[in-house]
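Working notes, structure below.
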Amino acid sequence: MSTHIAAKPGEIAEVVLLPGDPLRAKFVADTYLENPVRYNDIRNVFGYTGTYKGTQVSVQGTGMGIPSISIYVNELFRDYGVKRAFRIGTAGSLRADVKLRDLVLAMSACTDSGANKIRFGGRDYAPTASFSLLKTAHDTACALGFKPVTGPIVSSDMFYTEDPDEWKLWAKFGCIAVEMESAELYTLAAKYGCEALTILTISDSLVTHEAASAEERQQTFNQMIEVALETAIS
Ligand code: HPA
């Protein structure tokens, strides 16, 4: 029984795109899906199902942060038979050579979150993307002419950190970018025997303190959706 998603059984596709912002879910449904039907509006965290090139695809807002995405993804995997999930979102760059608007494929997700500390009783789990989705997304992105940066990211519980230099330790250990959800998505995919991949665009840089404009974010958002949808149906 799902508490936060009101869909009936069968109303959600096996493949789901997961933007943080529910209005981005509406944008994806209106722009990319044929015959989209809204199956959820509880808390205005919208979810839609439609078809993309003949395949059923859903798109569900998750809210921001690990506790929020955890609720939606638990319900999708556990109650609705979702098999493949793609987070599409933005991230802050941790590297001078990773620029605004770059596309990032998250191979793994380090985290400072308490969620896996609770779940694993202090043991260390390594949240990892589906290799087959990662490979397909990488090939798809390259075929579309994008140059994805692929590697580990950080899923942080804190957007406004006390120590402004905290990110530098993650950067020193190879992390490309910081966002706030993927460690939980990858952990839950493993738990439920599903596949997951996070595709991100760089919206700001912790190195240079630059930030992308709303227009630039929209443009790269479209690239991300294309890569996610083409990977989803391949
Ligand atoms: N920190 C955390 N999450 C983010 C950021 C950031 O700088 N940018 C986009 N999502």
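The table for this structure:
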| read-out | value |
| --- | --- |
| Selection count, region 208-227, where residues are surrounded by fewer than 17 Cβ atoms within 10 Å (Cβ to Cβ) and either within 16 Å of the ligand (Cβ to nearest atom) or of a type outside the set (D, E, K, R) (or both) | 10 |
| Condition broken by HIS138, with the remaining ones in (1) away from the ligand (no atom under 14 Å from the Cβ); (2) open to solvent by 70 Å² or more (accessible area, probe 1.4 Å) satisfied | (2) |
| Subset tally (residues that are in contact (Cβ under 8 Å) with a residue 12 or more places away in the chain and either outside any loop (DSSP other than H, G, I, E, B) or among the hydroxyl-bearing types (Ser, Thr, Tyr) (or both)) for region 146-160 | 8 |
| Residues that are of a type in the set (S, T, N, Q) and open to solvent by 10 Å² or more (accessible area, probe 1.4 Å), drawn from region 183-204 | SER203 |
| So SER130, is it within 18 Å of the chain's Cα centre (by Cα), within 16 Å of the ligand (Cβ to nearest atom), modelled with pLDDT of 95 or more and surrounded by 13 or more Cβ atoms within 10 Å (Cβ to Cβ) | no |
| Residue in region 76-92 that is among the aromatic types (Phe, Trp, Tyr) and open to solvent by 40 Å² or more (accessible area, probe 1.4 Å) present | no |
| Search result, residues across region 202-234 that are of a type in the set (S, T, N, Q) and at pLDDT 95 or above | SER203, SER205, THR208, THR231 |
| VAL16 part of a strand (DSSP E or B), touching a Pro at 6+ places or on another chain (Cβ under 9 Å) and under 22 Å from THR136 (Cα atoms) | no |
| Subset of region 85-102 [within 13 Å of the ligand (Cβ to nearest atom) and of a type in the set (Asp, Glu)] | ASP102 |
| Only one of VAL227, VAL207 that is touching a helix residue (DSSP H, G or I) at 6+ places or on another chain (Cβ under 7 Å) and farther than 23 Å from GLY81 by Cβ | VAL227 |
| Within region 52-145, helices (runs of 4 or more DSSP H) holding 3 or more residues that are without any contact (Cβ under 8 Å) to a residue 60 or more places away in the chain | 131-143 |
| Some residue of region 161-173 being touching a Phe, Trp or Tyr at 6+ places or on another chain (Cβ under 9 Å), of a type in the set (Val, Ile, Thr), outside any loop (DSSP other than H, G, I, E, B) and open to solvent by less than 70 Å² (accessible area, probe 1.4 Å) | no |
| Condition broken by VAL37, with the remaining ones in (1) assigned to a strand (DSSP E or B); (2) open to solvent by 80 Å² or more (accessible area, probe 1.4 Å); (3) touching a residue at least 40 places away in the same chain (Cβ under 8 Å); (4) not aromatic (Phe, Trp, Tyr) satisfied | (3) |
| Yes/no for VAL73 being of a type in the set (A, V, I, L, M, F, W, C) and either open to solvent by 70 Å² or more (accessible area, probe 1.4 Å) or closer than 24 Å to ALA13 by Cβ (or both) | yes |
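Here is a yes/no grid of residues against (1) within 16 Å of the ligand (Cβ to nearest atom); (2) in contact with a strand residue (DSSP E or B) (Cβ under 9 Å, 6 or more places away or on another chain); (3) part of a helix (DSSP H, G or I):
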{"position": "GLU184", "(1), (2), (3)": "yes, yes, yes"}
{"position": "THR187", "(1), (2), (3)": "no, yes, yes"}
{"position": "LEU200", "(1), (2), (3)": "yes, yes, no"}
{"position": "SER203", "(1), (2), (3)": "yes, yes, no"}
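The values are calculated or read from the model by the stated rules, or taken from the named source; none is laboratory data. In this text the structure is predicted, and so the values were computed from the model without any measurement. FYI the Cβ positions are ideal-geometry reconstructions off the backbone, even for glycines, and counts take in every protein chain you see. Areas reflect the complete protein model, heavy atoms only, side chains present, ligands, DNA and RNA absent. Shrake-Rupley method; radii C 1.70, N 1.55, O 1.52, S 1.80 Å.
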